[in-house]
Amino acid sequence: MAMSAADFLVASKRCEIQGLTSFLALGELVSAIGALVHALQRERGASNMYLASGGQDYQDRWQAIQKQVDRETANFHQTLSRANAELGVFSGGARLFSRIASAVHLLTGIAVLRGQVLSRKLALTKVTDAYSQVIQSLLGVVFETADAASDPAISRGLVALFNFMQGKELAGQERALGSAGFAARKFTSEQTTRLQHLVESQERCFEVFAQFADERSLRLWSELGSAAIMPELRGLRALAARGGSPGDESLADRWFRIATERIDAMHDIEQKLQLALKQLCQVQLSEARQLLDCNQLALEELDRQQDPDNTVFLVPVSAADANSSVTEQPPVGRSMMELLQFQARRLQEMGAELDAAKSALEERKVLERAKLILMKHRGLNEDEAYRALRQAAMNQSRRLIDVARSVIEMADVLQP
């Protein structure tokens, strides 16, 4: 027996429910990643202090933090095993699996990295880069999760969360670099330039976060911005920009303490964002199940009322239909046409909202690709590539994203 329009209408709703169920599992994975990243950020900062002191100080602190990283790594692997069955249902599943594979592989190298730090066989910058690479691989999993979201409200929440986590990671890099400079009692010109870049990059991430975050998260972020530690943090940033203070041995501890207090407060906000996202998934899932029940009731009513010999001709949903408000429940007791139009309007409105949320992720992809092109063709590092893009944008009075697109277009034209 051929499947009817009603069968596919119900199947559409069941697909939505399956996607939301899978996102609940992925939400647990994102939370585990957040906890692991937070621990790795602390280990990176402590390792920088240990190396900058010439191996004389901070070893106990660094090794104590390692135990926390090991616990969070075990939790990440356990959560990943539980979520594994849900990972393949998304359109971007291949990219998501690739990101996870990279993160899992890089995590296996942490033990070797620790041995090299302990024996001081690696330069401080190499150690920082190694930790940062592991962290970025984990954040890449969060990025792909946000990119795979098909529900606009969930996508907005994930875009806000990813940008907040990325901003927090840049704050972690700032803590590590500042710890190294203050422990060494001086900052090189390269370090001061890098610190300024990290501060500016944090601001960009938090601007995107503010566009998509809920009111409670924005209020907490505003409160942190006016916290008592911020004037002291800004003072230490200014001191670092001037090259540090050779005679003050306590600055490294002060910097690490203040930067850590700020990052810990950011982690609290991050956890609240994750909880809000989980609750949103649960609400959306409950509503989707209610709509499925209502659809089935409407179809049963339609079967009782409809003449079996009556033919209904379906026409595309008009622009007026697409722009009209969608009722909370499907029209019980109405025609199959109305049920289909109800579902079509709902999906179109969701698509428009989803496009708005995904635009922030797409701009990040464009900017990262433009930086890679400049790094490859002009031999720049990441900071230099970003500064070149920003300078070009200011010189041409254009948006940064438009300059990045021009770089990509030019590279495509010049390819043999």
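Values in this text are rule-based calculations from the coordinates and carry no lab data. Not measured: the values here are computed from a predicted model. Here Cβ is always computed from backbone atoms with ideal geometry, including for glycine, and neighbour counts include all displayed protein chains.
A few comments on the model shown:
- Counted charge near Q68, where neighbours are those whose Cβ lies closer than 11 Å (Asp, Glu -1; Lys, Arg +1): 0
- Extension gain for Q18-E207 works out to 64.8 nm (0.36 nm per residue, less the C-alpha to C-alpha distance).
- Comparing Cα centroids, region 198-271 and region 61-88 end up 26 angstrom apart.
- If the chain linking H77 and I229 were pulled fully straight, counting 0.36 nm for each residue of separation and taking away their Cα-Cα distance, it would gain 51.2 nm.
- Neighbour counts of C-beta atoms inside 10 Å place R289, R44, R234 in the sequence R234, R289, R44, starting with the fewest.
- Neighbour net charge for V403 - beta-carbon separation under 13 angstrom, K R +1, D E -1: +4
- Inter-site label distance for E368 and E382 at 7 Å from Cα along Cβ, in nm: 1.0 nm
- Chain lengthening between T125 and N395 when straightened (0.36 nm per residue, less Cα-Cα): 94.0 nm
- Going from the residue with the fewest nearby Cβ atoms within 10 Å to the one with the most, H38, H377 rank H377, H38.
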